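Scroll down for the structure; my scribbles are underneath it.
Read the figures in this text as sums done on the coordinates, not as results from a lab. Please read all numbers here as calculations on a predicted model, not as lab measurements. Virtual Cβ from ideal backbone geometry, glycine too; neighbours counted across all protein chains shown.
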There are 2 protein chains.
Amino acid sequence: MPFHLSCSNIRTFAVRLKGNIQTMNKIANVAIVGGTHGNEFSGIYLLDKWQKQPQLLQRKGLTIETLFANPKSHQENKRYIDSDLNRQFKLDSLADESLTNYEQSRAKVINAQLGPKGNARTDFIIDLHNTTSNMGPSLILMKSDDFNKKMGAYVLAKMPNAVVVYEDQIPMLEQAFLASVAEQGVIVEIGPQPQSVIRHDIMEWMETMTHTILDFVELYNTDTLPELAPTYEAYSLVESIYLPQSDEGERLGMVHKYVQDSDFKPIKKGDPIFSLFDGGEICYEGDYEAYPHFINEAAYYDSNMAMSFAKKITVSIK
Amino acid sequence: MPFHLSCSNIRTFAVRLKGNIQTMNKIANVAIVGGTHGNEFSGIYLLDKWQKQPQLLQRKGLTIETLFANPKSHQENKRYIDSDLNRQFKLDSLADESLTNYEQSRAKVINAQLGPKGNARTDFIIDLHNTTSNMGPSLILMKSDDFNKKMGAYVLAKMPNAVVVYEDQIPMLEQAFLASVAEQGVIVEIGPQPQSVIRHDIMEWMETMTHTILDFVELYNTDTLPELAPTYEAYSLVESIYLPQSDEGERLGMVHKYVQDSDFKPIKKGDPIFSLFDGGEICYEGDYEAYPHFINEAAYYDSNMAMSFAKKITVSIK
């Protein structure tokens, strides 16, 4: 049987590790991952560009590698072959030898290559994604520690059209995302881009955000960050919202045009969010000001998910 | 062996038929087709809506049926299983018994059901499509006879944001499109919509255009059309433009952001049309003012097609 740490052990270990590296070069090994979903083209084409022009990725003190995570799904021009690769990185899934489909196997290989999760050789993973939603250049953070909070501030300073989303509601070690294999990991999520398309503007945003993050890591490592805004606005994931269905599971409506493309614009009680095929409407009845994102994302139809709701938060970097 | 007319015979027959029907009810049997491509959702969901509310399709003097052309590709959430269904309706393909893959078989079944092409029981086919390109509500016409020219004028009068495209460069009988099975057929092409997504606005445009076309047919049949503009602007297909490739077939660039989303906006000599991954640009060097459309359509990547070019034309309905 393979040896693996219990969850609480690993957390202690990670904290100790982090304590150590705060006095040294904080991030040394970086992995940039593209093609985790085979029909999200920007990252795949950027990996190819960086392979031809590796000097673009050079940063002082950093060893940067690239990884094409799901080549078979790209060959078949699909998000995945058997199951979503970006949901396979929970510790128990990685340890479960009975999970053997293509993406479950790829996850184990990637965990061996970049990880192992909980004690990873890679310090920081940047996982590149596209969405069909109008989210612009979004940076999804899984932690709200000093490193991530300052990264958000730095990226917003350099890319005024960027958006920072915190998905830090559960610890990194319990996350299922590929980027959670390392102690630090982010998801670069750029849209709107249809599946299986390369948009010039979207690829530029992804490239700029990736380079900005690498610049940040170099500056963070060497304690040479410029002065950052003491606070900034970001979004914190609250819940997923699902398309209306009948008791028999038949889809009864679609995302309302009032909310379509309005990612990160507030929704208040009474605003229409779904249009029913029979002509009716469903309005938002929640008790908080919701900031929708991943609105009408193509990949989420298989789970009937219509959008995510976030709350707006103010992040302080002090 | 099945009997089939030679091409020239069929054309004579069609002309004779048309001569006859000009003094009678011109269009009696209409077929509305959705799901010719399984990941173009608007038509598929509209068929479902019309099945539940058939009164929406009722028009005086018309028998209207609906057809879900490629259900298996929709189940698999793909454009097609084996080959593009909307390229299988050439007379020789329909007659070729050695063409047996799923879409080739579906084409033969649909031809038997709505056709046979050249002597079809269906007088008019409306085939419903989506595009990832920013084409808005587009009506693609395969003939420039009185019926089609007036249909274009009527649709533009009722939908000011609509666009009329003539793909009438070859005779209907030589077309490979599903809608060419009947003597009259049009393609309703609405975008931008990512594959495998239902957008409320796009579905409304498709529904409005379909109803407008049915209204037109009823009015045309009964010689009760309102006064139409004597001329209108439309687009006539000239050529397909392909993504830059190396001699080895490697893709070297993408659609330039200058032209992305600018369907039906003119391109002049010297305008950038491609951005190369190595940083370069390719500009338009043609000798006519080109109106691009189907810009960066996801489905055309398999043939490396980047966009279509049209010329602007003035159509006179006199």
Taking every Cα atom in the stretch A:167-221, find the radius of gyration and the maximum pairwise distance Dmax, and write them in Å.
13.8, 37
Considering only DSSP beta bridges where both residues belong to the protein assembly as shown, give the percentage that are antiparallel (nearest 5).
55
Where does helix A:102-114 land angle-wise versus the long Cα axis of chain A, in degrees 0 to 90, nearest 10?
30
Roughly speaking, what is the centre-to-centre gap between the stretch A:43-86 and the stretch B:29-45 when only Cα atoms are used, to the nearest Å?
36
Nm distances between copies for B:SER240, ranked from closest, using label points 7 Å along Cα→Cβ:
3.8
Give me the angle, in degrees from 0 to 90, between the Cα long axis of helix B:41-52 and the longest principal axis of the Cα atoms of chain B, rounded to the nearest 10.
20
Rounded to a whole number, the mean other protein chain Cβ count within 10 angstrom for residues of B:251-257 is 4
Rg/Rh for chain B, where both radii come from Cα atoms and Rh is the Kirkwood radius
0.96
Can you give me the long-range amide H partners of B:PHE277? Hydrogens built in the peptide plane at 1.01 Å from N, cutoff under 5 Å, separation of 5 or more residues or another chain.
B:GLY253, B:MET254
Taking amide hydrogens as modeled 1.01 Å from N in the peptide plane, which residues meet the under 5 Å criterion relative to A:GLY136, leaving out close sequence neighbours?
A:GLY191
Output wanted: per-residue J couplings in Hz (rounded whole) for the stretch A:141-150, from phi through Karplus 6.51 cos²θ - 1.76 cosθ + 1.60, θ = phi - 60°, x for Gly and Pro.
10, 9, 9, 10, 7, 4, 4, 6, 5, 5
Name the long-range amide H neighbours of B:ILE313: under 5 Å, sequence gap of 5 or more, or other chain; modelled H, no Pro or chain starts.
B:ALA234, B:TYR235, B:SER236
Axis carrying A to B; for chain A the Cβ-nearest residue and its rounded Å distance come to A:PRO194, 2
Tell me, what HN-Hα J-couplings in whole Hz come from the Karplus equation 6.51 cos²θ - 1.76 cosθ + 1.60 at θ = phi - 60° for each residue of the stretch A:71-84, using x for Gly and Pro?
x, 5, 5, 5, 4, 8, 6, 10, 4, 8, 8, 10, 7, 5
Nitroxide proxy distance, nm - points 7 Å out along Cα→Cβ at A:LYS269 and B:LYS265:
4.3
Here the gain from full extension of A:SER144 to A:TYR288, 0.36 nm per residue of separation minus their alpha-carbon distance, amounts to 49.6 nm
Centroid-to-centroid separation of the stretch B:229-260 and the stretch B:101-163 [C-alpha atoms, Å]
22
Asserting the computed 222 nm helical MRE of chain A (DSSP H runs at least 4 long, -39500 (n - 2.57) per run, divided by residue count, to nearest 500) equals -8500 deg cm²/dmol
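Rounded to whole Å and sorted largest first, what semi-axes of the equivalent ellipsoid does the C-alpha gyration tensor of the stretch A:58-216 yield via the square root of 5 times each eigenvalue?
With the √(5λ) rule applied to the stretch A:58-216, the semi-axes are 25, 20, 14 Å.
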On the formula 1/(1 + (r/R0)^6), with r taken between the Cβ atoms of B:LEU252 and B:GLU204 and R0 of 45 Å, the FRET efficiency rounded to 0.05 is 0.70
Where the label is 7 Å out from Cα toward Cβ, how close does B:ALA95 come to the same position in every other copy, in nm, shortest first?
6.9
Expected sort for A:263-273, B:100-110 on mean C-beta neighbours within 10 Å, highest first, is B:100-110, A:263-273
Per residue, how big is the convex hull around the C-alpha atoms of the protein assembly as shown? Give it to me in cubic angstrom, could you?
187
Quick one: length gained pulling B:GLU97 to B:VAL109 fully straight, 0.36 nm per residue minus the C-alpha distance?
3.1 nm
Estimated vicinal HN-Hα couplings, Hz - the stretch A:260-275 in sequence order (Karplus 6.51, -1.76, 1.60; Gly, Pro = x):
3, 6, 9, 4, 6, 9, x, 10, 10, 3, x, 6, x, 10, 10, 10
